[in-house]
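What follows is one structure encoded as structure tokens, with my remarks underneath.
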Amino acid sequence: MSVLLDPTARYGAVESFVYDRFIAPAVIDMADRVESKLIGRLPSGARVLEVGCGGGQLAVRLAGRRTDLSITGLDLSPEQVARATERARPVADRVRFVEGSALSLPFDDGSFDAVISVASIKHWPDPARGLSECARVLRAGGALAVIEADRGCTMRDAQDFVGRWRIPALLRPAALVGFRTFVAGNAFDLDDVRAFVAALGPGEWAVERIGGTPGLLLSGIRDAKA
């Protein structure tokens, strides 16, 4: 699969299907570990953008937990946008999906109260530019949360994560090697993500490991005077 060799390659039909069916549920479970930073503090009626929404699992889950939210998901893959749109039919009045690039978000400045991104930033050809775009469309005082695989994750956390993939147990040793080599191996460590913070401009930003997972979290609030 091309994305294993080049993480910035666009997901095709096969990659989209494999991720959606077998891996995405474990990724969304990781996002649940930091739900309060993703969504819990948002005001009623908040507008949320998910960058790199994949098949829409997270957007649909958030819409179910907060019925007051208006959620837009963006993904580069037309297959994933189509899959997400179908999955979100029961909440289509509050959730929509569009095709687009994280490096040039098709939204006006200050359009959203929160921007979230889960397991997507490693696929951006220019992560700093993508984060700058996230900050641009975030209103002053808005919240940002970006989750990505941790290149420095422990073997135990990686094993636990791959153990939640929806694959036969016999395939998990090979999947673990693939995750450590091609996913976490092509992702970032703490210092990498800390260096990206400069692209976000003024705000209260923090970078941390997500305990019990092979993930990193970049989160914070854009300066209210921005």
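Per-residue answers, yes or no, for (1) in contact with a Gly (Cβ under 8 Å, 6 or more places away or on another chain); (2) closer than 17 Å to Gly212 by Cβ; (3) of a type in the set (A, V, I, L, M):
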position	(1), (2), (3)
Gly152	no, yes, no
Trp165	no, yes, no
Ala175	no, no, yes
Thr181	no, no, no
Gly185	no, no, no
Leu190	yes, yes, yes
Subset of region 10-20, residues of a type in the set (D, E, K, R) and modelled with pLDDT of 90 or more, comes to Asp20
If you go through region 33-66 one residue at a time, how many are farther than 11 Å from Val95 by Cβ, out of contact with any Phe, Trp or Tyr (no Cβ under 8 Å at 6 or more places or on another chain) and either β-branched (Val, Ile, Thr) or in a strand (DSSP E or B) (or both)? 3
Search result, residues across region 68-96 that are part of a strand (DSSP E or B), farther than 20 Å from Val14 by Cα and not polar (S, T, N, Q): Ile71, Gly73, Val95, Arg96
Could you grab the pairs with beta carbons closer than 6 Å, sequence gap of 6+ or different chains, first residue in region 67-96 and of a type in the set (Asp, Glu), second one part of a helix (DSSP H, G or I)? Asp75/Val81; Glu79/Ala13; Glu79/Ser16
Within region 46-93, the count of residues that are under 12 Å from Ala114 (Cβ atoms) and modelled with pLDDT under 95 comes to 2
Out of Ala184, Ala158, sole residue that is without any contact (Cβ under 8 Å) to a residue 60 or more places away in the chain, in contact with a Cys (Cβ under 6 Å, 6 or more places away or on another chain) and not in a strand (DSSP E or B): Ala184
Out of Glu133, Glu99, which single residue is farther than 19 Å from Ile28 by Cβ, at pLDDT 95 or above, out of contact with any His (no Cβ under 8 Å at 6 or more places or on another chain) and surrounded by 19 or more Cβ atoms within 10 Å (Cβ to Cβ)? Glu133
Per the filter on region 206-226, residues under 17 Å from Glu35 (Cα atoms), in contact (Cβ under 8 Å) with a residue 24 or more places away in the chain and part of a strand (DSSP E or B) are Arg209, Ile210, Gly215, Leu216, Leu217, Leu218, Ser219, Gly220, Ile221
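Here is a yes/no grid of residues against (1) free of Cβ contacts under 8 Å to residues at least 12 places away in the same chain; (2) among the β-branched types (Val, Ile, Thr); (3) in contact with a Pro (Cβ under 8 Å, 6 or more places away or on another chain); (4) not in a loop (DSSP other than H, G, I, E, B):
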position: Gly110; (1), (2), (3), (4): no, no, no, no
position: Asp113; (1), (2), (3), (4): no, no, yes, yes
position: Ile116; (1), (2), (3), (4): no, yes, no, yes
position: Arg139; (1), (2), (3), (4): no, no, no, yes
position: Gly142; (1), (2), (3), (4): no, no, no, yes
position: Ala145; (1), (2), (3), (4): no, no, no, yes
Please verify whether region 114-130 includes one or more residues that are basic (Lys, Arg), under 13 Å from Thr213 (Cα atoms) and surrounded by fewer than 23 Cβ atoms within 10 Å (Cβ to Cβ). no
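The values are calculated or read from the model by the stated rules, or taken from the named source; none is laboratory data. Bear in mind the structure is a predicted one, so any value in this text is a computation, not a measurement. Cβ sites come from the backbone with ideal geometry, for glycine too, and all protein chains shown count toward neighbours.
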